[in-house]
1. Using the Cα centre of the chain as origin and beta-carbon charges of +1 (Lys, Arg) and -1 (Asp, Glu), tell me which of LEU175, GLN293, ALA60 is placed farthest towards the positive end of the dipole.
2. Accessible area per residue for the range 1-143 in Å², computed with a 1.4 Å probe and the full protein assembly in place, what is it?
3. Computed from the coordinates I sent, mean projected area of the Cα convex hull in nm² equals one of (i) 18.2; (ii) 16.4; (iii) 20.6. Tell me the label.
4. Taking each pair of distinct Cα atoms in the range 186-275 once, what is the resulting Kirkwood hydrodynamic radius in Å?
5. Apply 1/(1 + (r/R0)^6) to the Cβ-Cβ distance of THR33 and LEU242, taking R0 = 30 Å, and write down the FRET efficiency to the nearest 0.05.
6. Helix-only mean residue ellipticity at 222 nm, the chain, DSSP H runs n ≥ 4 weighted -39,500 (n - 2.57), per residue, nearest 500. What is it?
7. Does anything in the range 119-151 have its amide N under 16 Å from the 7 Å Cα→Cβ label point of ILE90, and if so which residues?
8. For the chain, give the percent of accessible area contributed by carbon and sulfur heavy atoms, probe 1.4 Å, rounded to a whole number.
Amino acid sequence: MSTPVSLLKTYPALAMIAVLGVGFSVLSPYFLTGGNIEAMLGANAVVLIAAIGMTIVFLAGGIDLSISTVISASAVLSGLAMAQTGSVAIGGLTALASGLVFGALNGVLIGYCRLTPFITTMATQLIARGIAFVLSQGIAVKGTPYWMLDFGFMLWLGIPAVTVIALIIVVLGALAMGQTDWGRQVMLVGSNHEAARFAGINVRLVDFSVYLVAGGLAGVAGFISIANLGNAIPGVGDTLLLIIIGAVVLGGTSMTGGSGSIERTLMGVAILAMMTNGLNLMGIPFYDQLIVQGVLIFLGTWLAMRIGTGRER
């Protein structure tokens with residue numbers, strides 16, 4: 001049975017969540033209202049989905065700088081498909097396929113061609129961003145079906161539908177990492193490539209697979225962004241990369257591989273969501289918020305290093 005101390009050691013981000021929750025509820029009477037919590041959940045579904053993909057890449061010892069612009073490109077391609085066909089299903093499949101194509105490209109170049117993840121995904125980032133702006137001509141793609149617009153406001157059991165989808169992905173990701181051979185292989189590859197190779201693991205295939213998964217989740221995030229915003233926005237992912245990475249790091253997942261979990265990333269996203277929402281309620285200017293976010297990431301990383309238990313799922 002877990003004690004509060006052991007739980008805190010396993011998930012150090014819980015301490016920061018508690019502090020932010022208490023602090024903002026005292027500073028603003030609106031923070032814990034149902035409407036505000038609903039808005040906070042819905043607004044961060046895209047970040048949460050993409051952050052799950054980034055977590056899996058981190059656990060394998062890689063990095064994906066293209067994930068935010070793949071969100072943009074997938075959103076634009078999906079928006080164009082829906083505008084042409086009027087079909088939400090075709091739009092969803094287009095977004096997923098787009099993300100998988102970018103993920104496969106990263107996976108082949110990194111996993112099989114052994115190119116450096118940082119440079120490879122930086123190049124893919126530029127390609128995806130260019131595609132998003134060329135196809136959309138730099139403006140929002142109109143013609144989103146009404147059902148998709150309604151879906152952005154839909155509640156399931158009192159929770160935004162987009163958030164429910166994100167949470168389902170969290171559960172599936174946690175099960176994949178903790179209960180499957182593939183998840184254990186990802187962790188071993190992230191801990192030590194050579195040891196994984198000597199253990200008979202196909203390291204190249206594992207590297208390929210994590211980028212494929214990350215790309216697919218970026219595609220799903222791009223599709224969800226249309227429901228949130230009402231249209232496909234070519235620059236929707238431009239400001240998300242550092243937020244996604246920050247959420248993963250704040251949760252306590254190591255950027256060097258082999259240490260962390262999907263659950264931790266969920267908590268990292270919660271921290272950034274609570275902080276952004278609370279500061280907005282207090283009327284703090286955007287650029288001042290950036291300073292607070294930077295300090296918070298420093299603090300979260302320090303907490304994870306000081307009281308985290310180290311390597312786990």
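1. ALA60
2. Working: 6300 Å² over 143 residues.
Roughly 44 Å² per residue, with all protein chains present.
3. The listed entry that was calculated here is (ii).
4. Details: mean 1/r = 0.0669 Å⁻¹.
About 14.9 Å, per the Kirkwood formula over Cα pairs.
5. On the way: r = 29 Å, r/R0 = 0.96.
Efficiency, rounded to the nearest 0.05: 0.55.
6. Values: 15 runs with 228 residues, N = 313.
Result for the chain: -24000 deg cm²/dmol, rounded to the nearest 500.
7. So the set is 142-148.
8. Numbers: 10100 of 14140 Å².
So the carbon and sulfur contribution to the accessible surface is 71 percent.
The values are calculated or read from the model by the stated rules, or taken from the named source; none is laboratory data. Bear in mind the structure is a predicted one, so any value in this text is a computation, not a measurement. FYI the Cβ positions are ideal-geometry reconstructions off the backbone, even for glycines, and counts take in every protein chain you see. With ligands, DNA and RNA removed, areas are computed over all heavy atoms of the protein, side chains included. Shrake-Rupley method; radii C 1.70, N 1.55, O 1.52, S 1.80 Å.
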